[in-house]
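Shown next, in structure tokens, is the structure this report addresses.
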Amino acid sequence: MEDAFGHRISYLRVSITDRCNERCHYCMPQELQEWLPREGILSYEEILRILRVGVGLGIRKVRVTGGEPLTRRDVLTFFRKLSQVEGLTDIGVSTNGTLLDTEPEGPGKSMAHHLVEAKVRTANISLDTLDPDVYHRTTGRDYFDRVMRGIEAAKAAGFEKIKLNAVLMRHQTESQLVPLVQFAREQGLLLRFIELMPVSTRDVLHEERFLASGKARTLLEETFGTLVPRPDYKTNGPSSYYEIPESDGQLVGFIGAMTNLHFCETCNKLRLTCDGKLRPCLGSYLEFDLMAVLRRPGVTDGEIADFFREVVDRKPKEHDFRTDYTPNRRMIAIGG
């Protein structure tokens, strides 16, 4: 599939739940949240059918997100079936890490180990700070130690790649930049810093909260020296990577949706929300009700494929975040 601007679509981010065991203020800024009823979210079989059709149209990579995806019941059964979808070459999961060290099927194997056995290649783990008190304030939960155990479980399980994602927040992240880089080096993990985006609320862009990726890079250079651009290093997302001087090749990524004017040029993804909306762009109001089509009696795979193509045809050239964007859905309802 290719849109009108030459974006070749090969990547689908799939949210399987709107529920989460944390309450990060940039994702779900209020403690109270009206969860979707069970019938209001796609079943595993519906998701798998959508993915089989998507693979036939060129989807090769899937990242499973939430909410927190590992909170959904029978999630391992879903991952095992997902690994059997012919044509998928890259399965990943985005998680807050708090459940990776649990043993959902009895003693001996962690959640992370089961995921690797189900052919999940990569894990993106949220980690905004190494200060337990700041972690508690940011997430609304005292789960820092659980995340540390989750990271250790992920390393022991043998994912091909583990990425740490840290959201940049002014008056908080500045003191954490160097410790996070040092932690990533010690653990042998890839660290990316992500600019706040006006998804859940617009106030994330207020001067008191927004920290630009360029400013974060400048602050890191005060400690490490000039970071070396590595345009040759690519992952599946829009991150720009730099090498830390005299670090044996350690890389750090910056995802600057707000300040990088070329951010959308290589976009290759669609998003499927847990309530069955297909979104061609995170930073756009456009979303299309695939669930309504999917649950229509007698709908064929061909009709689902046509729906995919129509959505791709509507994919905008770039996001609307820089044009006075007003959120209409919280991040937790869209999928991380």
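Any read-out appearing in this document is the output of simple, stated calculations on the displayed coordinates, not a laboratory observation. Please read these numbers as outputs of a predicted model, since none were measured by experiment. Cβ: placed from backbone, ideal geometry, glycine included. Neighbour counts: every protein chain shown.
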Cα centroid separation - segment 36-54 against segment 115-193, whole Å: 29 Å
On a 0 to 90° scale, report how tilted helix 144-157 is relative to the longest principal axis of the chain, with both axes built from alpha carbons and the result rounded to the nearest 10. 70 degrees
Other residues with Cβ under 13 Å from the Cβ of GLU303 give, with Lys and Arg +1 and Asp and Glu -1, a net charge of +1
Estimated FRET transfer efficiency when R0 is 22 angstrom, pair GLN84-LEU36 (beta carbons, to 0.05): 0.25
Can you list residues from other chains, or at least 5 along the same chain, whose modelled amide H is less than 5 Å from the amide H of LEU164? ILE125, LEU190, LEU191, ARG192
Pop the C-beta distance of LEU76 and ALA292 into the FRET formula with R0 = 25 Å and round what comes out to the nearest 0.05. 0.30
Computed from the beta carbon distance with a Förster radius of 45 Å, FRET efficiency for GLU246 and GLU310 to the nearest 0.05 stands at 0.30
How much length would be gained if the chain were fully extended between LEU130 and THR226, taking 0.36 nm per residue of separation minus their Cα-Cα distance, in nm to one decimal? 32.2 nm
Take GLU152 and ARG137, extend 7 Å from each Cα along the Cα→Cβ direction, and tell me the distance between the two endpoints in nm. 2.7 nm
Which value in deg cm²/dmol, rounded to the nearest 500, describes the helix-derived mean residue ellipticity at 222 nm for the chain, given -39,500 (n - 2.57) per DSSP H run of n ≥ 4 and division by the residue count? -8000 deg cm²/dmol
Radius 9 Å from Cβ of LEU251, net charge of other residues (Lys, Arg +1; Asp, Glu -1): 0
How large is ³J(HN,Hα), in whole Hz, for each residue of segment 269-278 in order, when computed from phi with the Karplus curve 6.51 cos²θ - 1.76 cosθ + 1.60 and θ = phi - 60°, using x for Gly and Pro? 10, 10, 10, 10, 7, 5, 9, x, 9, 9
Under a Cβ-only charge scheme (Lys and Arg +1, Asp and Glu -1), can you give me the dipole magnitude of segment 126-280 about the Cα centre, in debye to the nearest 20? 700 debye
Can you give me the distance in nm between label points at LYS161 and THR259, each placed 7 Å from the Cα along the Cα-to-Cβ direction? 2.4 nm
Chain lengthening between THR235 and SER175 when straightened (0.36 nm per residue, less Cα-Cα): 18.9 nm
